[in-house]
Amino acid sequence: MKDYFAHETAVLDEGCQIGMNTKIWHFAHVMSGAVIGQNCVIGQNVMIANRVTLGNGVKVQNNVSVYEGVICEDDVFLGPSMVFTNVINPRAFIDRKSEFKSTLVRRGATIGANATIVCGNTIGCFALIGAGAVVTHDVLDYSLVVGNPARQIGWVSECGCRLEFDEKGEAVCPESGQKYQLIDCQVRRIL
């Protein structure tokens, strides 16, 4: 007995692993080597490739292809039509599967609609990538990045609210009341 939901139009290749209470919607395709955690939501027209790992609580919105080499930790949000790559210099006439680069999306990060994540980079914990951004380098924990190429314009809390640091390098999330500290371009939650 399966303990997840898959819409009748979804294609689940033999050998994929799907966690309890995960929901897989219309026209999604999960390939044989994919591992999907518990309580995930896989939207319409999503493709999850071989050797992809999605942690628990991951939400993949409609029209996203998660290519081989992508690892998403727990509670990651992948916005509608965002894009991952897995080769730096693809050519239709050259087989570069041996050159696939991994991409790591750390716990709690959000990637906005239509953003592009160039392979080989790490998106830090609770980072927020703005809609349409093109990420070409690693992104720090709790950072807010926007634009093409993506650049950091601030910091966010675990709730995704902008953080305003005082002269002591401390900030309070206006939504949760959680406290954060900024030291040497590194943010950490202190309470």
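Computed from the coordinates by the stated procedures, all read-outs in this text should not be read as laboratory data. Bear in mind that the values here come from a model prediction, so they are computed numbers and not experimental data. Note that we place each Cβ from the backbone using ideal geometry, even for glycine, and neighbour counts take in every protein chain shown.
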- Checking Y67, Y180, Y142 against a Gaussian network model of the chain (alpha-carbon springs below 10 Å), the top fluctuating residue turns out to be Y180
- Restricted to the range 72-178, the DSSP antiparallel beta bridge percent, nearest 5, is 30
- Can you tell which of V105, V156, V172 shows the greatest fluctuation in a Gaussian network model of the chain with Cα springs below 10 Å? V172
- Binned at 5 Å from zero, the C-alpha pair distances of the range 131-170 give percents of 6, 23, 26, 24, 13, 7, 2
- Message: What does the extension gain come out to for A113 and N45, with contour length at 0.36 nm per residue minus their alpha carbon separation?
- Response: 23.0 nm
- Message: Output wanted: per-residue J couplings in Hz (rounded whole) for the range 157-162, from phi through Karplus 6.51 cos²θ - 1.76 cosθ + 1.60, θ = phi - 60°, x for Gly and Pro.
- Response: 7, 5, 7, x, 8, 4
- The set of residues whose placed amide H lies less than 5 Å from the amide H of A6, leaving out same-chain residues fewer than 5 positions away, is I24
- Answer check: the chain, Cα atoms, Kirkwood Rh, Rg/Rh ratio of 1.01
- Within 10 Å of each residue's Cβ, count the other Cβ atoms and sort S32, S65 from fewest upward. S32, S65
- Task: Loop sites only, by DSSP: take the GluC sites (Glu not before Pro) in the chain that have at most 15 other C-beta atoms within 10 Å and name the longest stretch containing none of them.
- Result: 15-163
- Query: Magnitude of the Cβ-charge dipole of the range 37-150, K/R +1 and D/E -1, about the Cα centre, nearest 20 debye?
  - Reply: 220
- Compute the FRET efficiency between T9 and A131 as 1/(1 + (r/R0)^6), taking r as their Cβ-Cβ distance and R0 = 25 Å, and round to the nearest 0.05. 0.35
- Tensor-based shape of the range 76-182 (alpha-carbon gyration tensor, a/c under 1.5 rounded, otherwise prolate or oblate): prolate
- Query: At F27 and F93, where each label point lies 7 Å from the Cα along Cα→Cβ, what is the point-to-point distance in nanometres?
  - Reply: 3.2
- Task: Give the relative contact order (percent, whole number) for the range 36-191; include only Cα pairs under 8 Å separated by 6+ residues.
- Result: 12
- Message: Cut-off 18 Å, label point 7 angstrom out along Cα-to-Cβ of S81: give me the residues of the range 43-68 whose amide nitrogen falls inside.
- Response: 43-47, 60-66
- Query: Per the Kirkwood formula on distinct C-alpha pairs, the Rh of the range 1-93 is how many angstrom?
  - Reply: 13.0
- Once the Cβ-Cβ distance between E175 and K2 is put in as r, and R0 is 35 Å, what FRET efficiency do you end up with, to the nearest 0.05? 0.45
